[in-house]
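**Student:** The following block contains the structure, expressed as structure tokens.
The values are calculated or read from the model by the stated rules, or taken from the named source; none is laboratory data. If you're wondering where the values come from, they're calculated on a predicted model, not measured in any experiment. Here the Cβ is made from the backbone with ideal geometry for all residues, glycine too, and neighbour counts use every protein chain on show. Ligands, DNA and RNA are excluded from the accessible area calculation, which covers all protein heavy atoms including side chains. Shrake-Rupley method; radii C 1.70, N 1.55, O 1.52, S 1.80 Å.
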Amino acid sequence: TGLAENLKRGSSEPPAFAFAFDIDGVLLHEKEPIPGAAETLRLLDKNKIPYILLTNGGGKRESERVAELNDKLGVSITTESFVQSHTPFQELLEGPDSFRDKTVLVTGSHYEKCLDIMLNYGFRNVLTPADIFASKPSVFPFQPVKKTEQQGLISLPQPIYSQPFSANDSSDVLSNHLKIDAMFVLNDPRDWALDIQIFSDLLLSHQGYMGTYSPKNGNPAEPNCGWQSDGQPRLYFSNADLVWSAAYHLPRFGQGAFQYAMVGLWDRITGGHELQRTCIGKPFGETYRFAERMLNAHWKRNHKIAGRGNTSGTELKSVYMIGDNPESDIAGANGYRSENGTEWVSVLVKTGVWDEARSGAKFTSKELEPKRIEADVKSAVGWALEREG
Ligand code: G3P
Ligand code: MG
């Protein structure tokens with residue numbers, strides 16, 4: 001049945017359900033809209049059915065990505081209905097352990113854009129691997145991929161490097177050199193070789209001082225080898241996608257592949273230690289909680305418009321998560337325990353990462369198994385509207 005037939009015509013009641021749409025492999029293949037996607041979103045807009053876009057993509061300001069999506073899909077969403085992989089990193093600026101004045105290294109597919117994103121969020125001391133390469137080119141014997149960014153992007157308050165660290169050096173000997181407190185990956189890194197070299201240097205350093213080496217971090221003979229104690233730089237990834245659905249007909253490696261390269265290297269360097277890191281994005285609960293709060297705010301705005309006054313709590317009964325990747329979209333919706341008792345219904349489409357012939361009809365675990373499989377986003381929404389009757 002056509003989508004329009006499934007909608008309650010003229011109902012004044014704002015619907016008690018909403019949608020969360022993945023982007024890559026559901027709405028777009030890179031910059032190309034997937035057939036049916038634009039008309040589906042426009043129909044939901046026309047019938048005031050709330051939705052958000054929930055992507056593991058990133059690497060641009062939310063405002064820039066939203067403007068591109070509106071242009072491509074002919075809709076007019078705002079950043080209030082848009083969650084990308086690194087959006088929740090802003091929460092690290094709050095509270096007693098705020099990162100606001102800490103020094104953070106950031107990477108992704110475009111160093112300069114990553115720097116801009118973090119500064120725009122409110123992080124104050126931000127640098128990229130290009131800055132480290134620019135301050136000491138010998139740190140990486142080969143020319144990084146993007147020549148244009150080798151000059152370094154910001155003037156740093158003090159030199160990055162410290163003298164080689166010796167066990168009897170006290171930390172104040174190093175204090176007039178740059179200490180990097182955390183490393184962030186905002187989207188798929190482009191220059192893996194330079195990034196992994198710099199990340200590994202910092203993981204093996206003394207307390208994040210670039211140019212130092214602390215045996216306890218990387219020498220398997222050391223009792224605390226591999227254990228990143230306090231003061232060591234923290235490592236944050238914004239998604240764990242091993243692959244994603246781009247313009248090529250087969251899935252492409254994502255940020256998760258970079259993460260697993262780091263995990264494998266750390267295992268080899270430390271003789272078997274698990275790399276300690278934080279990873280957000282789908283399928284992790286914090287991302288779905290962040291998304292649910294955004295949807296509830298959206299739903300309450302609709303209710304105010306419908307004259308329903310201030311609804312306490314939420315009557316958002318169901319959210320339909322439409323995705324193409326069982327390991328992120330489907331597992332996340334299946335595993336998320338809503339703080340408001342909202343039902344998250346996972347719907348897998350065939351236009352992205354998952355392909356019955358390649359992936360096999362059987363799902364390897366219950367958490368990867370969608371509530372429903374549909375051909376594409378249009379038929380997925382049609383099924384959901386019918387289910388809502
Ligand atoms: O880098 C983008 C990729 O990881 C997946 O994006 O929109 O399918 O969650 P999306
Ligand atoms: Mg996707």
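**Student:** Hey, can you tell me all the residues within region 217-226 that are of a type outside the set (G, A, S) and either at pLDDT 95 or above or open to solvent by 50 Å² or more (accessible area, probe 1.4 Å) (or both)? Before the answer, list the steps.
**Tutor:** So in region 217-226, the residues of a type outside the set (G, A, S) come out as 217, 219-220, 222-225.
Across region 217-226, the qualifying residues are N219, P220, E222, P223, N224.
**Student:** Out of A240, A257, which single residue is outside any helix (DSSP H, G or I), within 16 Å of ligand 2 (Cβ to nearest atom), small (G, A, S) and under 25 Å from Q90 (Cα atoms)?
**Tutor:** None of the others qualify; the one that does is A240.
**Student:** Here's a follow-up. Being charged (D, E, K, R) and modelled with pLDDT under 95, is that true of even one residue in region 204-216?
**Tutor:** Checking region 204-216: at least one residue is charged (D, E, K, R) and modelled with pLDDT under 95.
**Student:** Where residues in region 227-262 are open to solvent by less than 30 Å² (accessible area, probe 1.4 Å), away from ligand 1 (no atom under 16 Å from the Cβ) and among the hydrophobic types (A, V, I, L, M, F, W, C), which of them is farthest from F184 (Cα to Cα)?
**Tutor:** Applying the filter and picking the extreme gives M262.
**Student:** A further question follows. Can you spot a residue in region 264-283 that is crowded, with 21+ Cβ neighbours inside 10 Å, closer than 19 Å to H29 by Cα and modelled with pLDDT of 95 or more?
**Tutor:** Yes, region 264-283 contains a residue that is crowded, with 21+ Cβ neighbours inside 10 Å, closer than 19 Å to H29 by Cα and modelled with pLDDT of 95 or more.
**Student:** If you don't mind, there's one more thing I want to ask. Residues in region 104-123 that are touching a strand residue (DSSP E or B) at 6+ places or on another chain (Cβ under 9 Å) and either surrounded by 20 or more Cβ atoms within 10 Å (Cβ to Cβ) or assigned to a loop (DSSP other than H, G, I, E, B) (or both): how many?
**Tutor:** The qualifying residues number 10.
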